[in-house]
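Before any comments, here is the structure.
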Amino acid sequence: MDKELVKELESELIIRFQDCDPFGHLNNAKYLDYFFNARADQTLLYYGWSPLKLSQEFDAHWVVTHHQISYLRPAMFGETVAVKTSLIYFDHNSITTECQMLSQEKNGLKAMIWTTLRNVSMQTGKSAPHSEKLNQLLERMIIPDTHYTPLGFNDRLEQLKTHYKTIRGEV
């Protein structure tokens, strides 16, 4: 039997000067870079593979189709933040990941993003179904019972805000 995979990946990042606006806030466009880089670093650390390795193994690659993002509190220059990422949904040819940027203490949500990606054949450049082997891997990675719906972003955001308020003792 395959070993259990960690489903919620986590790492810390430092907000860099060149990524901030004149107020010292992380530029909104840079959140995407921080989230994508965190996910790539985490999958290498936790699972031992990179997006390039997956592309080569499955002869396909995921291409972003859309993002849903919410900015709640600024990430500041020099601040250490925690980033949690997870797979929350997949079907025959797409996946959706959730990334949360938190305070270093992991008790305050700064931003959250859902990114949906489509599986595309490296040979044809067109949408392709996941292989059975890839579906089995995704099944081991997905967060159970997320009750994902494409329109459920705001509901999930409220759920997380309440969760972190509870951690801080505000509820």
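The values are calculated or read from the model by the stated rules, or taken from the named source; none is laboratory data. Bear in mind the structure is a predicted one, so any value in this text is a computation, not a measurement. Quick reminder, even Gly has a Cβ in these numbers, built from the backbone with ideal geometry, and neighbours come from all protein chains shown.
Table for the structure above
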| quantity | calculated |
| --- | --- |
| Residue that is part of a helix (DSSP H, G or I), out of contact with any Leu (no Cβ under 8 Å at 6 or more places or on another chain) and of a type in the set (Asp, Glu), where the choices are 57, 105 | 57 |
| Residue match in the stretch 41-60 (condition: within 17 Å of residue 112 (Cβ to Cβ) and crowded, with 16+ Cβ neighbours inside 10 Å) | yes |
| First in the stretch 65-76 and within 20 Å of residue 155 (Cβ to Cβ), second anywhere and surrounded by fewer than 16 Cβ atoms within 10 Å (Cβ to Cβ) and modelled with pLDDT of 95 or more, Cβ under 7 Å, 6 or more apart | 71/28 |
| Members of the stretch 122-148 found to be touching a strand residue (DSSP E or B) at 6+ places or on another chain (Cβ under 9 Å) and assigned to a loop (DSSP other than H, G, I, E, B), listed by number | 122, 123, 126, 128, 129, 130, 131, 143, 146, 148 |
| Filter result for residue 133 (exposed (fewer than 13 other Cβ atoms within 10 Å of the Cβ), farther than 24 Å from residue 47 by Cα and either of a type in the set (Asp, Glu) or out of contact with any Leu (no Cβ under 8 Å at 6 or more places or on another chain) (or both)) | no |
| Flag if residue 23 is hydrophobic (A, V, I, L, M, F, W, C) and in contact (Cβ under 8 Å) with a residue 60 or more places away in the chain | no |
| Residue match in the stretch 155-164 (condition: of a type outside the set (S, T, N, Q), part of a helix (DSSP H, G or I), over 29 Å from residue 29 (Cα atoms) and in contact (Cβ under 8 Å) with a residue 12 or more places away in the chain) | no |
| Any hit, the stretch 44-60, residues being within 19 Å of residue 103 (Cβ to Cβ) and of a type in the set (Lys, Arg) | no |
| Residue list for the stretch 38-59, filter: within 12 Å of the chain's Cα centre (by Cα) and either in contact (Cβ under 8 Å) with a residue 12 or more places away in the chain or under 20 Å from residue 105 (Cα atoms) (or both) | 38, 39, 41, 42, 43 |
